[in-house]
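Every number here is computed from the coordinates shown, using simple stated rules; none is lab data. Since the structure is predicted, the reported quantities are computational estimates derived from the model, not experimental observations. Don't worry about glycine lacking a Cβ; one is built from the backbone with ideal geometry, like all the others, and counts go over all protein chains shown.
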Amino acid sequence: MKWLWVSSVFVFVFILGLSGTSRAQTASSASDVRLDYVRNQLLAGGFNQAQVGNLLTDSRIQLLPKISVAYKPANWTAVAKRMYSKTSVQAGVNYIKSNQAIFDDTQKYYGVPSGVIAGIMAIETNFGSNVGSYPVFNALYSRMEHWPASSWQYQAGELVAFSKYCLNANFDCLQLKGSYAGAIGLVQFMPDSILAYGVDGDKDGVVDLLNAADAVPSAANFLIRHGWFVNKLKALGSYYGSPVGYPSIVLTYSTLVAKGLK
């Protein structure tokens, strides 16, 4: 899910590096208000003072620098060419075969073709080879702090959702990595989507989207909950955040993969 927050000219990106500064070094009245909002939301969500305090005072929290880069629309023609190549289609076939039981169970339960989920994975992370290298907590924290007064609460909401996800799963919130926008795992769910649509496919008590057993049914669940059987293109458009390019490419890729599986 590539939720790119764009204006007509720029998209904001946060980068890791030596210029990142600790939260204590960058504290201000505005940032305190925003962090207090996160704290209060977590406490209201049932987490105790010790859990929240330990998380929000962790020395690894960094405010990453903000830079702006010129916005470039996706080149869907190039994406389609790559996705429809023999190499890419075969990668989808191989991935499904390597996780056959997971895909079979998901298709049987949700009714979403295996090739569709493979197509999502191919575009989002190339089957896990590019899940992102940014500490998700710091990326979301930085987006919250840098965002304008009119829209920072959306980013704060994602930070709250991510914190809830990690604390509930006993994950180290400061260790889990993902995209600069905060998307996580093989299918690149934003934190609020993990809480809403994540599926514990292997029944181990944790939704781990770096694990195909959880990632595959989670993607299918998202599509079903967004009207897959009513309008497949619209459901895939909801997944990406845009109806352009992505939905039709995934469906065509699914058809090619299905042929390769025969």
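From the list F137, F189, the lone residue that is of a type outside the set (K, R), within 14 Å of the chain's Cα centre (by Cα) and closer than 18 Å to L43 by Cβ is F137.
Check whether at least one residue in the stretch 85-98 is closer than 18 Å to L209 by Cβ and buried (at least 20 other Cβ atoms within 10 Å of the Cβ), and report yes or no. For the stretch 85-98, residues closer than 18 Å to L209 by Cβ and buried (at least 20 other Cβ atoms within 10 Å of the Cβ): present.
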